[in-house]
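Some notes on the structure that comes next.
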Amino acid sequence: MNRAEKKFRLYAILVIFVLLTVLMAVINGVNFTMASSDADMLTQMIADRQGAFGPIDNNPGGMQFQPDQDNNKDFGMGPMGPDSPEMNESLRYFTVAFSENGESEEIVAFHISAVSEDEAKEWAKELVGQTSGWTKWTYRYRVYRNQGTTYVTVIDQGRELLPSFRILIISVIGEVLVLVIGWFVLLLIGRKIYAPLEEADRKQKNFIANANKEFRVPLTVIDGNTELTERRYGPDDQTRSTHRQVAKMNELVDKLGSVGIFDEENMNRSDISLSEYIKDALRRRSEEFSEKGIALTEDVSEDVKISADPEAMSRLIDELIVNALKFAKTKAEFRLKKENETVLILASNDADLPDGPYEQAFDRFTTLSNAKEGDAGLGLSYVKQTVKAHNGRATASVNSGIFTLRITL
Amino acid sequence: MKILFAAPDRDLLECYRKLLEEDLGETVTSFDGTQVISLLSTDDFDVLILDKKLPRVDYRKIIERADNRMIPVIVLTDEPERASLLTDEKLKFEHLSYPFTFDRVKDAICKTLAEAGQRKEKA
(Lines give C-alpha, C1' and ligand atoms only; values in the text may rest on other atoms or scores of the structure.)
Protein backbone atom coordinates (compact mmCIF):
# COMPACT_ATOMS: atom_id res chain seq x y z
CA MET A 1 0.00 0.00 0.00
CA ASN A 2 1.63 3.24 -1.03
CA ARG A 3 1.43 6.53 0.81
CA ALA A 4 -1.27 8.05 -1.40
CA GLU A 5 -3.44 4.99 -1.02
CA LYS A 6 -3.07 5.07 2.76
CA LYS A 7 -4.03 8.73 2.68
CA PHE A 8 -7.05 7.93 0.53
CA ARG A 9 -8.24 5.29 3.02
CA LEU A 10 -7.69 7.57 5.97
CA TYR A 11 -9.66 10.35 4.34
CA ALA A 12 -12.45 7.94 3.39
CA ILE A 13 -12.74 6.65 6.96
CA LEU A 14 -12.53 10.19 8.28
CA VAL A 15 -15.44 11.24 6.05
CA ILE A 16 -17.48 8.26 7.26
CA PHE A 17 -16.62 9.13 10.87
CA VAL A 18 -17.62 12.78 10.46
CA LEU A 19 -20.91 11.94 8.71
CA LEU A 20 -21.85 9.31 11.29
CA THR A 21 -20.91 11.57 14.18
CA VAL A 22 -23.01 14.41 12.79
CA LEU A 23 -25.94 12.03 12.23
CA MET A 24 -25.65 10.56 15.73
CA ALA A 25 -25.26 14.00 17.27
CA VAL A 26 -28.40 15.24 15.53
CA ILE A 27 -30.47 12.18 16.49
CA ASN A 28 -29.32 12.18 20.11
CA GLY A 29 -29.42 15.95 20.40
CA VAL A 30 -33.01 16.12 19.12
CA ASN A 31 -34.01 13.18 21.30
CA PHE A 32 -32.53 14.74 24.44
CA THR A 33 -33.99 18.16 23.60
CA MET A 34 -37.44 16.60 23.23
CA ALA A 35 -37.04 14.75 26.53
CA SER A 36 -36.05 18.03 28.21
CA SER A 37 -38.98 19.77 26.56
CA ASP A 38 -41.41 17.09 27.83
CA ALA A 39 -39.97 17.41 31.33
CA ASP A 40 -40.32 21.19 31.17
CA MET A 41 -43.92 20.82 30.09
CA LEU A 42 -44.61 18.65 33.12
CA THR A 43 -42.94 20.99 35.57
CA GLN A 44 -44.88 23.84 33.95
CA MET A 45 -48.14 21.96 34.42
CA ILE A 46 -47.27 21.41 38.06
CA ALA A 47 -46.33 25.07 38.39
CA ASP A 48 -49.63 26.09 36.82
CA ARG A 49 -51.39 24.05 39.48
CA GLN A 50 -49.36 25.57 42.31
CA GLY A 51 -47.23 22.51 43.01
CA ALA A 52 -49.50 19.54 42.37
CA PHE A 53 -50.17 17.46 39.30
CA GLY A 54 -53.61 16.65 37.98
CA PRO A 55 -57.04 17.54 39.39
CA ILE A 56 -57.10 18.57 43.01
CA ASP A 57 -59.03 15.41 43.91
CA ASN A 58 -56.09 13.30 42.79
CA ASN A 59 -53.82 14.87 45.35
CA PRO A 60 -55.19 13.89 48.72
CA GLY A 61 -52.97 15.29 51.40
CA GLY A 62 -51.24 17.48 48.86
CA MET A 63 -51.16 21.19 48.64
CA GLN A 64 -54.60 22.62 48.83
CA PHE A 65 -54.39 25.03 45.97
CA GLN A 66 -57.27 25.62 43.63
CA PRO A 67 -56.54 24.07 40.26
CA ASP A 68 -56.39 26.29 37.25
CA GLN A 69 -59.56 25.33 35.48
CA ASP A 70 -58.42 26.66 32.12
CA ASN A 71 -55.38 24.45 32.15
CA ASN A 72 -57.21 21.66 33.85
CA LYS A 73 -59.62 21.30 30.99
CA ASP A 74 -56.74 20.09 28.79
CA PHE A 75 -55.45 17.74 31.39
CA GLY A 76 -55.51 14.10 30.39
CA MET A 77 -55.42 14.69 26.66
CA GLY A 78 -53.15 12.71 24.43
CA PRO A 79 -52.27 9.02 24.76
CA MET A 80 -48.43 9.23 24.86
CA GLY A 81 -47.28 12.71 25.78
CA PRO A 82 -46.85 14.39 29.09
CA ASP A 83 -50.56 15.19 29.10
CA SER A 84 -51.54 11.53 28.85
CA PRO A 85 -54.27 10.41 31.31
CA GLU A 86 -51.77 7.81 32.63
CA MET A 87 -49.28 10.47 33.54
CA ASN A 88 -51.21 11.19 36.71
CA GLU A 89 -50.33 7.69 37.92
CA SER A 90 -46.80 7.52 36.66
CA LEU A 91 -45.31 10.96 37.28
CA ARG A 92 -42.76 10.93 40.11
CA TYR A 93 -42.25 14.32 41.63
CA PHE A 94 -42.12 16.37 44.78
CA THR A 95 -42.84 20.03 45.44
CA VAL A 96 -41.64 22.07 48.37
CA ALA A 97 -43.17 25.47 49.13
CA PHE A 98 -41.08 28.07 50.94
CA SER A 99 -42.46 31.17 52.71
CA GLU A 100 -40.88 34.55 52.22
CA ASN A 101 -38.57 34.04 55.20
CA GLY A 102 -37.21 30.87 53.61
CA GLU A 103 -39.01 28.39 55.86
CA SER A 104 -40.57 25.43 54.14
CA GLU A 105 -44.32 25.59 54.44
CA GLU A 106 -45.57 22.49 52.70
CA ILE A 107 -44.02 19.44 51.12
CA VAL A 108 -45.65 17.16 48.58
CA ALA A 109 -43.42 14.11 48.31
CA PHE A 110 -45.76 11.14 48.36
CA HIS A 111 -45.64 10.89 44.53
CA ILE A 112 -42.06 9.76 44.68
CA SER A 113 -40.61 6.79 46.51
CA ALA A 114 -36.92 7.44 46.09
CA VAL A 115 -37.00 10.73 48.02
CA SER A 116 -38.22 11.20 51.60
CA GLU A 117 -39.81 14.43 52.78
CA ASP A 118 -36.65 15.45 54.63
CA GLU A 119 -34.48 14.73 51.60
CA ALA A 120 -36.94 16.66 49.40
CA LYS A 121 -36.76 19.64 51.75
CA GLU A 122 -32.93 19.70 51.76
CA TRP A 123 -32.74 19.17 48.06
CA ALA A 124 -35.26 21.94 47.31
CA LYS A 125 -33.34 24.34 49.55
CA GLU A 126 -30.30 23.93 47.31
CA LEU A 127 -32.36 24.81 44.25
CA VAL A 128 -34.25 27.84 45.55
CA GLY A 129 -31.90 30.33 43.89
CA GLN A 130 -32.21 28.67 40.48
CA THR A 131 -34.93 28.78 37.82
CA SER A 132 -35.01 25.45 36.00
CA GLY A 133 -32.72 22.71 34.74
CA TRP A 134 -31.36 19.23 35.42
CA THR A 135 -30.23 18.11 38.87
CA LYS A 136 -28.60 14.86 39.94
CA TRP A 137 -28.43 13.70 36.32
CA THR A 138 -32.02 12.58 35.74
CA TYR A 139 -34.17 15.01 37.75
CA ARG A 140 -35.70 18.08 36.14
CA TYR A 141 -36.62 20.99 38.42
CA ARG A 142 -38.46 24.26 38.19
CA VAL A 143 -38.53 27.11 40.73
CA TYR A 144 -41.47 29.51 40.60
CA ARG A 145 -43.21 32.08 42.81
CA ASN A 146 -46.83 32.77 43.59
CA GLN A 147 -48.23 35.26 46.06
CA GLY A 148 -44.97 35.51 48.02
CA THR A 149 -44.42 31.76 48.17
CA THR A 150 -41.56 30.10 46.35
CA TYR A 151 -42.20 26.63 44.98
CA VAL A 152 -39.55 24.11 43.99
CA THR A 153 -40.79 21.21 41.92
CA VAL A 154 -38.49 18.32 41.04
CA ILE A 155 -39.61 15.50 38.77
CA ASP A 156 -37.85 12.19 38.22
CA GLN A 157 -37.18 11.66 34.50
CA GLY A 158 -34.96 8.59 34.91
CA ARG A 159 -37.35 6.22 33.18
CA GLU A 160 -38.13 8.73 30.44
CA LEU A 161 -34.44 9.35 29.81
CA LEU A 162 -33.51 5.68 29.80
CA PRO A 163 -34.46 5.17 26.12
CA SER A 164 -32.42 8.26 25.25
CA PHE A 165 -29.36 6.86 27.02
CA ARG A 166 -29.90 3.54 25.30
CA ILE A 167 -30.09 5.25 21.92
CA LEU A 168 -26.89 7.14 22.77
CA ILE A 169 -25.04 3.95 23.73
CA ILE A 170 -26.38 2.11 20.68
CA SER A 171 -25.32 5.07 18.49
CA VAL A 172 -21.77 5.02 19.84
CA ILE A 173 -21.47 1.24 19.53
CA GLY A 174 -23.02 1.41 16.06
CA GLU A 175 -20.62 4.12 14.95
CA VAL A 176 -17.59 2.21 16.19
CA LEU A 177 -18.84 -0.94 14.47
CA VAL A 178 -19.47 0.90 11.20
CA LEU A 179 -15.99 2.43 11.36
CA VAL A 180 -14.34 -0.93 12.01
CA ILE A 181 -16.36 -2.63 9.26
CA GLY A 182 -15.78 0.35 6.98
CA TRP A 183 -12.03 0.09 7.53
CA PHE A 184 -12.02 -3.59 6.62
CA VAL A 185 -14.22 -2.96 3.59
CA LEU A 186 -11.85 -0.20 2.50
CA LEU A 187 -8.95 -2.60 2.95
CA LEU A 188 -10.72 -5.14 0.79
CA ILE A 189 -12.12 -2.92 -1.95
CA GLY A 190 -9.96 0.18 -1.44
CA ARG A 191 -7.52 -1.16 -4.03
CA LYS A 192 -10.32 -1.23 -6.61
CA ILE A 193 -11.56 2.23 -5.70
CA TYR A 194 -8.10 3.72 -5.68
CA ALA A 195 -6.78 1.88 -8.74
CA PRO A 196 -8.31 4.24 -11.36
CA LEU A 197 -6.82 7.27 -9.58
CA GLU A 198 -3.45 5.58 -9.37
CA GLU A 199 -3.72 4.51 -12.99
CA ALA A 200 -4.46 8.09 -14.09
CA ASP A 201 -1.46 9.35 -12.14
CA ARG A 202 0.73 6.59 -13.52
CA LYS A 203 -0.39 7.35 -17.08
CA GLN A 204 0.35 11.02 -16.62
CA LYS A 205 3.82 10.26 -15.27
CA ASN A 206 4.47 7.74 -18.03
CA PHE A 207 3.36 10.20 -20.65
CA ILE A 208 5.66 12.86 -19.28
CA ALA A 209 8.53 10.40 -18.98
CA ASN A 210 8.02 9.05 -22.51
CA ALA A 211 7.56 12.48 -24.05
CA ASN A 212 10.64 13.57 -22.18
CA LYS A 213 12.72 10.72 -23.56
CA GLU A 214 11.38 11.06 -27.07
CA PHE A 215 12.44 14.70 -27.21
CA ARG A 216 15.97 14.11 -26.08
CA VAL A 217 17.64 12.54 -29.11
CA PRO A 218 15.98 14.81 -31.73
CA LEU A 219 17.07 17.87 -29.78
CA THR A 220 20.63 16.59 -29.73
CA VAL A 221 20.49 16.01 -33.49
CA ILE A 222 18.99 19.47 -34.19
CA ASP A 223 21.67 21.12 -32.10
CA GLY A 224 24.40 19.06 -33.74
CA ASN A 225 23.17 19.78 -37.24
CA THR A 226 22.94 23.48 -36.45
CA GLU A 227 26.53 23.32 -35.27
CA LEU A 228 27.49 21.66 -38.57
CA THR A 229 25.59 24.28 -40.58
CA GLU A 230 27.41 27.06 -38.75
CA ARG A 231 30.72 25.41 -39.51
CA ARG A 232 29.90 25.13 -43.20
CA TYR A 233 28.26 28.47 -43.81
CA GLY A 234 29.04 30.53 -40.73
CA PRO A 235 26.66 31.45 -37.92
CA ASP A 236 23.69 33.67 -38.76
CA ASP A 237 20.47 34.81 -37.07
CA GLN A 238 18.70 31.57 -37.99
CA THR A 239 21.34 29.25 -36.54
CA ARG A 240 21.67 31.36 -33.41
CA SER A 241 17.89 31.34 -33.02
CA THR A 242 17.86 27.56 -33.46
CA HIS A 243 20.52 27.20 -30.74
CA ARG A 244 18.48 29.41 -28.41
CA GLN A 245 15.29 27.46 -29.03
CA VAL A 246 17.09 24.17 -28.57
CA ALA A 247 18.54 25.46 -25.31
CA LYS A 248 15.02 26.35 -24.16
CA MET A 249 13.76 22.94 -25.13
CA ASN A 250 16.70 21.34 -23.36
CA GLU A 251 15.78 23.20 -20.22
CA LEU A 252 12.18 22.08 -20.53
CA VAL A 253 13.21 18.49 -21.08
CA ASP A 254 15.53 18.70 -18.11
CA LYS A 255 12.72 19.97 -15.90
CA LEU A 256 10.32 17.39 -17.22
CA GLY A 257 12.85 14.75 -16.34
CA SER A 258 13.09 16.01 -12.80
CA VAL A 259 9.36 16.04 -12.24
CA GLY A 260 8.37 12.65 -10.98
CA ILE A 261 11.82 11.41 -10.14
CA PHE A 262 11.99 12.55 -6.56
CA ASP A 263 9.91 10.82 -4.01
CA GLU A 264 10.44 9.73 -0.46
CA GLU A 265 11.77 6.33 -1.45
CA ASN A 266 14.78 7.51 -3.45
CA MET A 267 15.84 10.44 -1.31
CA ASN A 268 19.51 10.43 -0.46
CA ARG A 269 19.23 12.35 2.75
CA SER A 270 22.11 13.84 4.65
CA ASP A 271 22.54 16.72 7.06
CA ILE A 272 22.99 19.95 5.11
CA SER A 273 23.26 23.58 6.08
CA LEU A 274 20.31 25.19 4.37
CA SER A 275 21.67 28.59 5.35
CA GLU A 276 24.82 27.96 3.33
CA TYR A 277 22.89 26.56 0.38
CA ILE A 278 20.67 29.63 0.16
CA LYS A 279 23.49 32.10 0.73
CA ASP A 280 25.69 30.42 -1.89
CA ALA A 281 22.91 30.31 -4.43
CA LEU A 282 22.02 33.97 -3.88
CA ARG A 283 25.68 34.97 -4.02
CA ARG A 284 26.10 33.17 -7.34
CA ARG A 285 23.08 34.81 -8.92
CA SER A 286 23.07 38.22 -7.24
CA GLU A 287 24.43 39.84 -10.41
CA GLU A 288 21.42 38.64 -12.38
CA PHE A 289 19.17 40.48 -9.95
CA SER A 290 21.25 43.65 -10.33
CA GLU A 291 21.17 43.38 -14.11
CA LYS A 292 17.40 43.19 -14.05
CA GLY A 293 17.10 46.10 -11.63
CA ILE A 294 15.60 43.92 -8.90
CA ALA A 295 16.45 44.91 -5.34
CA LEU A 296 17.42 41.70 -3.57
CA THR A 297 16.99 41.36 0.18
CA GLU A 298 18.10 38.33 2.16
CA ASP A 299 17.37 37.53 5.75
CA VAL A 300 18.92 34.13 6.28
CA SER A 301 19.34 32.78 9.79
CA GLU A 302 22.75 31.30 10.53
CA ASP A 303 23.40 27.60 10.60
CA VAL A 304 19.94 26.23 9.89
CA LYS A 305 20.52 22.54 9.27
CA ILE A 306 18.10 19.96 7.93
CA SER A 307 18.19 16.37 6.80
CA ALA A 308 17.56 16.54 3.07
CA ASP A 309 18.68 15.35 -0.32
CA PRO A 310 21.46 17.83 -1.17
CA GLU A 311 20.92 17.72 -4.92
CA ALA A 312 17.17 18.11 -4.64
CA MET A 313 17.45 20.93 -2.14
CA SER A 314 20.02 22.75 -4.25
CA ARG A 315 17.72 22.49 -7.26
CA LEU A 316 14.76 23.65 -5.20
CA ILE A 317 16.59 26.79 -4.11
CA ASP A 318 17.63 27.45 -7.70
CA GLU A 319 14.00 27.17 -8.80
CA LEU A 320 12.95 29.69 -6.16
CA ILE A 321 15.61 32.10 -7.36
CA VAL A 322 14.74 31.55 -11.03
CA ASN A 323 11.11 32.20 -10.18
CA ALA A 324 11.99 35.50 -8.50
CA LEU A 325 14.25 36.48 -11.39
CA LYS A 326 11.46 35.80 -13.88
CA PHE A 327 8.57 37.45 -12.11
CA ALA A 328 9.85 40.12 -9.70
CA LYS A 329 9.18 43.65 -10.90
CA THR A 330 11.44 45.66 -8.63
CA LYS A 331 12.16 43.66 -5.49
CA ALA A 332 12.69 40.14 -4.23
CA GLU A 333 13.26 38.81 -0.75
CA PHE A 334 14.52 35.49 0.59
CA ARG A 335 14.12 34.61 4.22
CA LEU A 336 15.14 31.54 6.18
CA LYS A 337 14.38 30.97 9.81
CA LYS A 338 13.88 28.17 12.27
CA GLU A 339 10.87 28.19 14.57
CA ASN A 340 11.08 25.40 17.15
CA GLU A 341 11.70 22.33 15.00
CA THR A 342 10.23 23.83 11.82
CA VAL A 343 12.34 25.39 9.11
CA LEU A 344 10.63 28.14 7.19
CA ILE A 345 11.70 29.43 3.77
CA LEU A 346 9.94 32.51 2.46
CA ALA A 347 10.60 33.63 -1.10
CA SER A 348 8.67 36.74 -2.07
CA ASN A 349 8.61 39.31 -4.82
CA ASP A 350 6.35 42.06 -6.08
CA ALA A 351 4.08 40.83 -8.85
CA ASP A 352 1.23 41.94 -11.09
CA LEU A 353 -1.26 39.59 -9.53
CA PRO A 354 -4.45 40.15 -7.54
CA ASP A 355 -4.40 39.14 -3.88
CA GLY A 356 -5.36 35.61 -2.92
CA PRO A 357 -4.05 32.05 -2.66
CA TYR A 358 -2.26 30.67 -5.72
CA GLU A 359 -2.05 26.93 -5.09
CA GLN A 360 -2.46 26.35 -8.83
CA ALA A 361 1.05 27.77 -9.26
CA PHE A 362 2.32 24.34 -8.18
CA ASP A 363 0.39 22.41 -10.83
CA ARG A 364 2.37 20.95 -13.71
CA PHE A 365 2.25 23.00 -16.90
CA THR A 366 0.30 25.74 -15.15
CA THR A 367 1.36 29.35 -15.44
CA LEU A 368 -0.07 32.38 -13.70
CA SER A 369 -1.39 35.43 -15.50
CA ASN A 370 1.95 37.22 -15.15
CA ALA A 371 3.85 34.41 -16.92
CA LYS A 372 6.14 35.29 -19.78
CA GLU A 373 6.33 33.61 -23.14
CA GLY A 374 8.13 30.32 -22.96
CA ASP A 375 7.37 29.59 -19.31
CA ALA A 376 6.64 25.91 -19.07
CA GLY A 377 5.01 25.97 -15.68
CA LEU A 378 7.21 23.24 -14.27
CA GLY A 379 9.57 25.01 -11.86
CA LEU A 380 7.16 25.35 -8.94
CA SER A 381 5.74 21.91 -9.63
CA TYR A 382 9.25 20.62 -8.98
CA VAL A 383 9.43 22.73 -5.81
CA LYS A 384 6.17 21.30 -4.49
CA GLN A 385 7.15 17.75 -5.31
CA THR A 386 10.53 18.07 -3.63
CA VAL A 387 9.04 19.72 -0.54
CA LYS A 388 6.43 16.95 -0.36
CA ALA A 389 9.11 14.29 -0.66
CA HIS A 390 10.79 15.89 2.35
CA ASN A 391 7.49 15.76 4.29
CA GLY A 392 7.16 19.53 4.11
CA ARG A 393 4.50 21.91 2.91
CA ALA A 394 4.55 24.62 0.24
CA THR A 395 1.97 27.34 -0.27
CA ALA A 396 1.74 30.30 -2.64
CA SER A 397 -0.23 33.48 -2.15
CA VAL A 398 -0.33 37.14 -3.05
CA ASN A 399 -0.89 39.75 -0.39
CA SER A 400 -0.82 43.48 -1.17
CA GLY A 401 0.85 42.78 -4.49
CA ILE A 402 3.58 40.60 -2.96
CA PHE A 403 3.78 37.03 -4.23
CA THR A 404 5.06 34.76 -1.48
CA LEU A 405 6.15 31.16 -1.61
CA ARG A 406 6.11 29.73 1.89
CA ILE A 407 7.90 26.45 2.47
CA THR A 408 7.93 24.64 5.78
CA LEU A 409 10.26 21.69 6.26
CA MET B 1 42.37 9.30 -32.46
CA LYS B 2 39.81 6.69 -33.44
CA ILE B 3 36.31 6.85 -32.04
CA LEU B 4 33.53 4.29 -32.18
CA PHE B 5 30.10 5.94 -31.89
CA ALA B 6 27.23 3.48 -31.44
CA ALA B 7 23.65 4.67 -31.22
CA PRO B 8 20.30 3.60 -32.72
CA ASP B 9 19.52 6.97 -34.36
CA ARG B 10 21.13 7.27 -37.79
CA ASP B 11 20.72 11.04 -38.01
CA LEU B 12 22.57 11.41 -34.75
CA LEU B 13 25.33 9.10 -35.93
CA GLU B 14 25.77 10.97 -39.18
CA CYS B 15 25.77 14.38 -37.57
CA TYR B 16 28.21 13.43 -34.81
CA ARG B 17 30.46 11.49 -37.17
CA LYS B 18 31.01 14.68 -39.15
CA LEU B 19 31.53 16.84 -36.06
CA LEU B 20 33.87 14.38 -34.36
CA GLU B 21 35.93 13.84 -37.50
CA GLU B 22 36.35 17.57 -37.93
CA ASP B 23 37.53 18.12 -34.37
CA LEU B 24 38.96 14.89 -33.01
CA GLY B 25 39.67 12.29 -35.64
CA GLU B 26 38.44 9.20 -37.41
CA THR B 27 34.97 8.15 -36.29
CA VAL B 28 33.30 4.86 -36.99
CA THR B 29 29.56 4.64 -36.41
CA SER B 30 27.22 1.77 -35.84
CA PHE B 31 23.53 1.37 -35.01
CA ASP B 32 23.72 -2.37 -34.39
CA GLY B 33 24.96 -4.07 -31.24
CA THR B 34 26.29 -7.16 -33.02
CA GLN B 35 28.29 -5.00 -35.36
CA VAL B 36 29.75 -3.09 -32.42
CA ILE B 37 30.89 -6.33 -30.79
CA SER B 38 32.49 -7.30 -34.06
CA LEU B 39 34.17 -3.90 -34.50
CA LEU B 40 35.55 -4.03 -30.97
CA SER B 41 37.12 -7.40 -31.74
CA THR B 42 38.73 -6.37 -34.98
CA ASP B 43 39.62 -2.70 -34.67
CA ASP B 44 41.44 -0.58 -32.13
CA PHE B 45 39.53 2.39 -30.75
CA ASP B 46 40.58 5.09 -28.35
CA VAL B 47 37.08 5.60 -27.03
CA LEU B 48 33.64 4.08 -27.37
CA ILE B 49 30.56 6.28 -27.21
CA LEU B 50 27.69 3.92 -26.55
CA ASP B 51 23.93 4.50 -26.37
CA LYS B 52 22.34 2.28 -23.72
CA LYS B 53 19.49 1.47 -26.06
CA LEU B 54 21.55 0.01 -28.85
CA PRO B 55 19.52 -2.84 -30.36
CA ARG B 56 20.30 -6.57 -30.50
CA VAL B 57 22.96 -6.70 -27.79
CA ASP B 58 22.68 -5.60 -24.19
CA TYR B 59 24.83 -2.54 -23.61
CA ARG B 60 26.45 -4.15 -20.54
CA LYS B 61 27.84 -6.91 -22.70
CA ILE B 62 29.34 -4.32 -25.04
CA ILE B 63 30.84 -2.43 -22.10
CA GLU B 64 32.34 -5.68 -20.81
CA ARG B 65 33.89 -6.33 -24.21
CA ALA B 66 35.28 -2.80 -24.40
CA ASP B 67 36.60 -3.09 -20.88
CA ASN B 68 38.47 -6.24 -21.84
CA ARG B 69 40.11 -4.31 -24.68
CA MET B 70 40.92 -1.41 -22.28
CA ILE B 71 38.76 0.94 -24.33
CA PRO B 72 37.21 3.72 -22.25
CA VAL B 73 33.46 4.05 -22.62
CA ILE B 74 31.07 7.00 -22.54
CA VAL B 75 27.51 5.87 -22.01
CA LEU B 76 24.68 7.85 -23.58
CA THR B 77 21.32 7.70 -21.88
CA ASP B 78 17.91 9.24 -22.38
CA GLU B 79 17.31 9.19 -18.66
CA PRO B 80 17.58 12.45 -16.75
CA GLU B 81 20.81 13.21 -14.91
CA ARG B 82 19.31 12.30 -11.58
CA ALA B 83 18.17 8.87 -12.79
CA SER B 84 21.63 8.23 -14.23
CA LEU B 85 23.15 8.97 -10.88
CA LEU B 86 21.10 6.22 -9.36
CA THR B 87 22.70 3.57 -11.54
CA ASP B 88 25.93 1.91 -10.49
CA GLU B 89 27.58 2.38 -13.88
CA LYS B 90 28.19 5.96 -12.90
CA LEU B 91 30.92 4.67 -10.68
CA LYS B 92 32.82 3.19 -13.59
CA PHE B 93 31.87 5.06 -16.75
CA GLU B 94 31.27 8.57 -17.89
CA HIS B 95 27.59 9.28 -18.53
CA LEU B 96 26.00 11.75 -20.86
CA SER B 97 22.27 12.38 -20.76
CA TYR B 98 20.49 13.44 -23.92
CA PRO B 99 20.10 16.22 -24.93
CA PHE B 100 23.72 17.33 -25.01
CA THR B 101 25.80 19.71 -27.07
CA PHE B 102 28.82 18.79 -29.11
CA ASP B 103 31.05 20.69 -26.68
CA ARG B 104 29.86 18.47 -23.84
CA VAL B 105 30.70 15.38 -25.87
CA LYS B 106 34.18 16.71 -26.56
CA ASP B 107 34.68 17.50 -22.87
CA ALA B 108 33.49 14.03 -21.91
CA ILE B 109 35.90 12.42 -24.39
CA CYS B 110 38.83 14.46 -23.08
CA LYS B 111 37.95 13.64 -19.49
CA THR B 112 37.51 9.94 -20.21
CA LEU B 113 40.79 9.73 -22.10
CA ALA B 114 42.62 11.55 -19.32
CA GLU B 115 41.23 9.17 -16.71
CA ALA B 116 42.03 6.18 -18.87
CA GLY B 117 45.59 7.49 -19.26
CA GLN B 118 45.93 7.83 -15.50
CA ARG B 119 44.66 4.28 -15.00
CA LYS B 120 47.16 2.99 -17.51
CA GLU B 121 49.99 4.84 -15.80
CA LYS B 122 49.00 3.39 -12.45
CA ALA B 123 48.80 -0.06 -13.95
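The values are calculated or read from the model by the stated rules, or taken from the named source; none is laboratory data. Fair warning: this is a prediction, and the values are worked out from it, not measured in the lab. Here Cβ is always computed from backbone atoms with ideal geometry, including for glycine, and neighbour counts include all displayed protein chains.
Some values worked out for this structure:
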| quantity | calculated |
| --- | --- |
| Residue list for segment A:189-236, restricted to those being over 50 Å from the mean Cα position of the chain (by Cα) and of a type in the set (Phe, Trp, Tyr) | A:Tyr233 |
| Single residue of A:Val152, A:Val176, A:Val172 found to be over 24 Å from A:Phe98 (Cα atoms) and free of Cβ contacts under 8 Å to residues at least 60 places away in the same chain | A:Val176 |
| Conditions (1) within 12 Å of another protein chain (Cβ to nearest Cβ); (2) surrounded by 18 or more Cβ atoms within 10 Å (Cβ to Cβ): number failed by B:Glu22 | (2) |
| Whichever residue in segment B:83-103 is facing chain A (nearest Cβ under 9 Å) and more than 30 Å from A:Arg240 (Cβ to Cβ) and, among such residues, is modelled with the lowest pLDDT | B:Leu86 |
| Any hit, segment A:184-205, residues being more than 30 Å from A:Phe98 (Cα to Cα) and within 14 Å of chain B (Cβ to nearest Cβ) | yes |
| Test result for A:Glu160, surrounded by 12 or more Cβ atoms within 10 Å (Cβ to Cβ) and not β-branched (Val, Ile, Thr) | yes |
| Given (1) within 14 Å of the chain's Cα centre (by Cα); (2) within 30 Å of A:Ala312 (Cβ to Cβ), number of the condition B:Glu79 does not satisfy | (1) |
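Conditions tested, residue by residue: (1) more than 25 Å from A:Asn28 (Cβ to Cβ); (2) buried (at least 16 other Cβ atoms within 10 Å of the Cβ); (3) in contact with a Phe, Trp or Tyr (Cβ under 8 Å, 6 or more places away or on another chain).
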site: A:Val128; (1), (2), (3): yes, no, yes
site: A:Tyr139; (1), (2), (3): no, yes, no
site: A:Asn146; (1), (2), (3): yes, no, no
site: A:Tyr151; (1), (2), (3): yes, yes, yes
site: A:Ile181; (1), (2), (3): no, no, no
site: A:Phe184; (1), (2), (3): yes, no, no
site: A:Gly190; (1), (2), (3): yes, yes, yes
